[in-house]
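Worksheet: the structure to be examined is printed underneath.
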Amino acid sequence: MMARVPPRAYIVPDWHRCKDSKEYFNKIIHKKNRKNFGLLESPVMPPYAAVDTLDYKIFISGKSGVGKTALAARLAGLNIPSVHHETTGIQTTVVYWPVKLRENGRVLFFRLQLWDCGENALRRFDHLLPSCKEQVDAVLFLFSFTDRTSFQDLSNQITKWTESTDCLVKVVVGTKFDLFMHCDVAERDVRKFQETWRLPVLHSGGEVSDGLGDVAPILNCLAENLWHQDCVRAGATGRQQQHETGTLP
């Protein structure tokens, strides 16, 4: 299952495996484990290697039990809960991820604030969903490979978010991919979904390896699409300014 990427690749793929990335990734790793960052904390780089940080709000959408909290923990390098408990309200998790731009070699830190809210809480309290949608930049739509109904519910989830705004990065993640013995979603179904919706579909599951390799595909996909969205917005803003000043050809 390959992720669809924007028309051009903006970031260096698998940069976390390159030697010149170590100085930056060492700021989010301590003793081979990911560092945990609070809302007011950030990686500290030396002055000669100072980088800009870009902030994004990511909402994790999916049925109860598909692994929203577990995915947020995995992406942040936190301990993954061994027992499922319904999230009672809004839970936020901060993830820092450095990327290198292909065009000019510039390094950026992506600060991703993951928002996770329990399905039952969203139904009970009307004010939670508007809070989650406010100034959101991307949505991770989750389904479980062991729960076909969660896969069938994807179209409803995506439609609800598309109705509110089209200016969103949308990525689909299939969880519990390692439980192939209990798989309830076939690869042909995933391929058909990709052809219909034209969205990246990634997978998650299994043991956390080195803290980077297992999360890099999802975080790089988010970074690629978020940066692409920013470039499109900047281009549209530039054209609008030219139109207003009369300098548009």
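The values are calculated or read from the model by the stated rules, or taken from the named source; none is laboratory data. On a predicted model such as this, the values are computed, not experimentally measured, just so you know. We place every Cβ from the backbone using ideal geometry, glycine too, and count neighbours over all the protein chains shown.
List of remarks:
- Among residues of region 51-70 being in a strand (DSSP E or B) and not β-branched (Val, Ile, Thr), the one that is farthest from residue 174 (Cα to Cα) is 52.
- Matching residues in region 136-161 - criterion: being touching a strand residue (DSSP E or B) at 6+ places or on another chain (Cβ under 8 Å) and either over 30 Å from residue 41 (Cβ atoms) or at pLDDT below 90 (or both): 143, 144, 145, 150, 151, 153, 154, 157, 158, 161
- Contact map, region 181-195: residues that are of a type in the set (S, T, N, Q) paired with residues that are part of a loop (DSSP other than H, G, I, E, B), Cβ distance under 9 Å, separation 6+ or inter-chain. Pairs shown: 194/1; 194/2; 194/4; 194/200.
- Residue that is modelled with the highest pLDDT [pool: residues in region 4-16 that are assigned to a loop (DSSP other than H, G, I, E, B) and not charged (D, E, K, R)]: 12
- Residue match in region 224-232 (condition: at pLDDT below 60 and of a type in the set (A, V, I, L, M)): no
- Residue satisfying all of: in region 71-85; among the aliphatic types (A, V, I, L, M) and part of a loop (DSSP other than H, G, I, E, B); modelled with the lowest pLDDT among these: 83
- Among the residues of region 185-207, just one is closer than 18 Å to residue 153 by Cβ, surrounded by fewer than 17 Cβ atoms within 10 Å (Cβ to Cβ) and at pLDDT below 90, namely 186.
- The requirement of being more than 28 Å from residue 155 (Cα to Cα) and either part of a strand (DSSP E or B) or over 18 Å from the mean Cα position of the chain (by Cα) (or both) is satisfied by residue 99.
- Subset of region 169-178 that is at pLDDT below 90 and within 16 Å of residue 62 (Cβ to Cβ) - its residue that is surrounded by the fewest Cβ atoms within 10 Å (Cβ to Cβ): 177
- Selected residue (criterion: surrounded by the most Cβ atoms within 10 Å (Cβ to Cβ)) from residues of region 208-223 that are of a type outside the set (Val, Ile, Thr) and at pLDDT 90 or above: 222
- Of all residues in region 17-50, those being of a type in the set (S, T, N, Q), modelled with pLDDT of 90 or more and part of a loop (DSSP other than H, G, I, E, B) number 2.
- Enumeration of residues in region 109-123 that are at pLDDT 70 or above and of a type in the set (D, E, K, R): 111, 116, 119
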